[in-house]
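Input: one structure, supplied below.
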């Protein structure tokens, strides 16, 4: 077990290669061994970049340019990797091996933990995060939320002296959020490890933490102190900067609940599956009402994303059928799974759980232009749509940046914007507000409300109670028994 680590930054900054402005600049602080720090800041302020630097995985001079110094126990993070555990924002990026048990054990094996101790550590870590699956379960069969628990379990099994968590509960159901938060608390109580966590769910973590550091969007620190000091003295300033402040509600209209409407999509005795063999939900008879929101909720692993992708026509039905309303039908008929990509473009647009899975271009501007260009719009029309979306989602300064260099929250906003650019009649969004600061969250929810007001249909997978509340419409709650 590693001793609790000390972290120091002195004027530290980082600029990614190919980017004009730094991702982080002029950051100075000292974190003493055993401190528990919540790292906050607006989306794009550099939180994930700082965590990657602390873990020693940011890259060399070819990847970017650094300034100042950043040390862990007086040494460079690259030289202390065995004492540092990092849970990445993207759960897929943390999966290494094909079986769950092997993946959790991977870090321990690399640290030369005695072989007889590893099975106990694996079992303890999986129980701590609530990952109740067989050790031989294929990692590719896990849901996004289960992969997030898997990544955390692998790090906890290493028992690092510095624990770095980047949005560790972003894709988890409410019970999963509590499980992960409680498991981290138990690990810290048992090991005394130093913690730095990036998390927009401040209310969940605030009573576990001893300190809050807020990165300013234009460099340096916006605030640094105890949770009471930071959230008390800087409450309105932080909210204006995009930080989620505990018990500080957003001022945004709430759409109404379910009303009578014809169905734009229907399912008939539908069974859905990722591998085309094993059903995760069966015998579903559902209606998706036109011109309102349908929000799909439920625990991790219940099949929410699989159902959403099947409704979107991107996964074939295992059994039964998904059918569109006659006026939405393509040349291939009313079954979206049989439509061509061009037919889907204007009918059903999809935002994936992992934003990177839908990026095609080298700049944000080109990415947003893909749909409009495919629809044959003029150059002027394309330019107007791209400019509008970049401005509305606070991405205008990054128009020429590579989409893959964005922060997690910025990637999510871009992925939503790429679908909006083509103006499909139905939009299917998997965790549309994942990783969003306060301003980004409001921007996305307002955009979706506007789409609903314009008569379009929104299908959203979400664990966010405020998304469910503000979008209104109908709620479909999945569990092992089906829809409730």
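Read-outs throughout are calculated quantities, based only on the coordinates presented, and are distinct from any laboratory measurement. Computed from a prediction, not measured in an experiment: that's the story for all the values here. With ideal geometry, Cβ positions are generated from the backbone for all residues, glycine too; neighbour counts draw on all protein chains shown.
For residue 227, indicate whether it is in contact with a helix residue (DSSP H, G or I) (Cβ under 6 Å, 6 or more places away or on another chain), surrounded by fewer than 16 Cβ atoms within 10 Å (Cβ to Cβ) and under 25 Å from residue 407 (Cα atoms).
Numbers: in contact with a helix residue (DSSP H, G or I) (Cβ under 6 Å, 6 or more places away or on another chain): yes; surrounded by fewer than 16 Cβ atoms within 10 Å (Cβ to Cβ): no; under 25 Å from residue 407 (Cα atoms): yes.
Criteria not met by residue 227.
Please go through segment 401-422 and pick out each residue that is closer than 20 Å to residue 45 by Cβ and assigned to a loop (DSSP other than H, G, I, E, B).
Selection gives 401, 402, 406, 407.
Between 313, 371, 399, which is touching a helix residue (DSSP H, G or I) at 6+ places or on another chain (Cβ under 7 Å), farther than 29 Å from residue 48 by Cα, surrounded by 15 or more Cβ atoms within 10 Å (Cβ to Cβ) and without any contact (Cβ under 8 Å) to a residue 40 or more places away in the chain?
Working: 371 fails: without any contact (Cβ under 8 Å) to a residue 40 or more places away in the chain; 399 fails: farther than 29 Å from residue 48 by Cα.
Residue meeting the stated conditions: 313.
Of all residues in segment 316-351, which are surrounded by fewer than 16 Cβ atoms within 10 Å (Cβ to Cβ), touching a strand residue (DSSP E or B) at 6+ places or on another chain (Cβ under 7 Å) and part of a helix (DSSP H, G or I)?
none
Of these, 94, 18, 11, 74, which one is surrounded by 15 or more Cβ atoms within 10 Å (Cβ to Cβ) and either closer than 29 Å to residue 208 by Cα or touching a strand residue (DSSP E or B) at 6+ places or on another chain (Cβ under 9 Å) (or both)?
Values: 18 fails: surrounded by 15 or more Cβ atoms within 10 Å (Cβ to Cβ); 11 fails: surrounded by 15 or more Cβ atoms within 10 Å (Cβ to Cβ); 74 fails: surrounded by 15 or more Cβ atoms within 10 Å (Cβ to Cβ).
It is 94.
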